[in-house]
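Please read the structure below before turning to the comments.
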Amino acid sequence: METKTSIISLVKRYQDIRRHSTDICAPLEIEDYVVQPIVDVSPPKWHLGHTTWFFETFILQPYDPSYKVFDSQYNFVFNSYYETIGARIIRTDRGNLSRPSVADVYRYRDYVDDKMAIFLESKYMTEAVEPLLELGLNHEQQHQELLLTDIKFILGHNPLFPIYKNETIQKIEAGDQKMIPFSGGVYEVGFSGTGFCFDNELGRHKVYLNDFEISNHLVTNGEYLEFMAAGGYTDFRHWHADGWNWVKDKGMTSPLYWHYIDGKWMMYSLNGLHEIDPDQELCHISFYEASAYASWKGLRLPTEQEWEIASFAFDWGKRWEWTNSAYLPYPGFTKEPGAVGEYNGKFMVNQMVLRGASEATPKGHSRPTYRNFFQADLQWQFSGIRLAR
């Protein structure tokens, strides 16, 4: 039985996490909420609605017999990819949703949050609901990172390069870059212990690793500029075939948000457009670029198993770090029945694993076993490079 103190704590945690999403959107103008420049970027308004829909659909509707749906049409609008839940709007059309309005979406959030506050203190909040609630809160935190990522893409592709929020940019930590050695042998990877993790982290298992070394620092802007100056984007020898086709087809010459203006490399950040700081950690790099840079240096990207084993030996969390591992299931992985089983398992093809966290990751939403994953050509995530050999 939940104590009164634990219930109050649970309600507060729910409210704090939900409030952070709206805090992220606070600097936006109303017009910013609806923009969808590319298929991978969802409008901020949609994120706010989708995360609300998650609690309504997976908790309130099935477990609160008195709950009345806010708007029956919202299931079609805010369902993301859950085939089990029914039809949904095409992903590329999310930016065409002038309605529901931003005000409607905020009313939707308030309605669901009020109902959730009552539900969490009711007899219907049983142990059976706890895993879904925890998944919903972590799902919201995932979308908080996507919110920042998508907002940056929206504003960063506006010709005015508007400032989202003036914040101090943390400088790279002092210290010499070095390679940290690890002996070959049998190691265990995967989540263990108590607390939340996603299903793709489960199935702790043994792996054999050869001797390897991994860098204690992320690659910086200045180091990547050397790669560019050496003709990195014009030398096919360092690129995978798909990566080289991507470079040629897209006319790629630099990381995302980099602009060569009046003889200087400039970069758009959430602080607006400014000259590139060579000592800052490189950001917004695709897997193709990360792999090509590593090849140019005569090194490679770490595997996700190497990264996890070595993660205690270096600071991480400023950039999602590309690994050289395809996103595949761990031994014994099984999908949960129903819609929840669609969360991770069906994406285990044609994607690469990133490890760590980034400056956009909400506090408390990172751990060494976390497996992020994206297609090899995507740059819009807060991604960087750590080298290995």
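Derivation of every value follows stated rules applied to the coordinates shown; laboratory data play no part. These numbers come from a predicted model, not from an experiment. Note: ideal-geometry Cβ built from the backbone for every residue, glycine included; neighbour counts use all protein chains shown.
Our helix-only sum for the chain, with -39,500 (n - 2.57) per DSSP H run of n ≥ 4 divided by its residues, gives a mean residue ellipticity at 222 nm of -10000 deg cm²/dmol.
The alpha carbon convex hull volume per residue for the chain rounds to 157 Å³. Shown here is the pair-distance distribution of the stretch 265-357: with all Cα-Cα distances grouped in 10 Å bins from zero up to the longest one, the shares run 13, 34, 32, 16, 5, 0 percent. For the chain, the membrane-span-like helix rule (DSSP H, alpha carbon extent of at least 20 Å along the helix axis, mean Kyte-Doolittle at least -1.0) picks out 4-25, 102-120, 130-156; this says nothing about an actual membrane.
Shape descriptor for the stretch 1-146: Rg over Rh equals 0.97 (Cα atoms; Rh from the Kirkwood inverse mean 1/r). Other residues whose C-beta falls under 13 angstrom from the C-beta of ILE309 contribute a net charge of -3, scoring Lys and Arg +1 and Asp and Glu -1.
Let a ≥ b ≥ c be the square roots of the eigenvalues of the Cα gyration tensor of the stretch 129-277; is it rounded (a/c under 1.5), or, if not, prolate (a/b larger than b/c) or oblate? Oblate shape, in that a/c is at least 1.5 and b/c is the bigger or equal ratio.
Can you tally the net charge around ILE30? Count Lys and Arg as +1, Asp and Glu as -1, for every other residue whose Cβ sits under 13 Å from the Cβ of ILE30.
So the surrounding residues net to -3.
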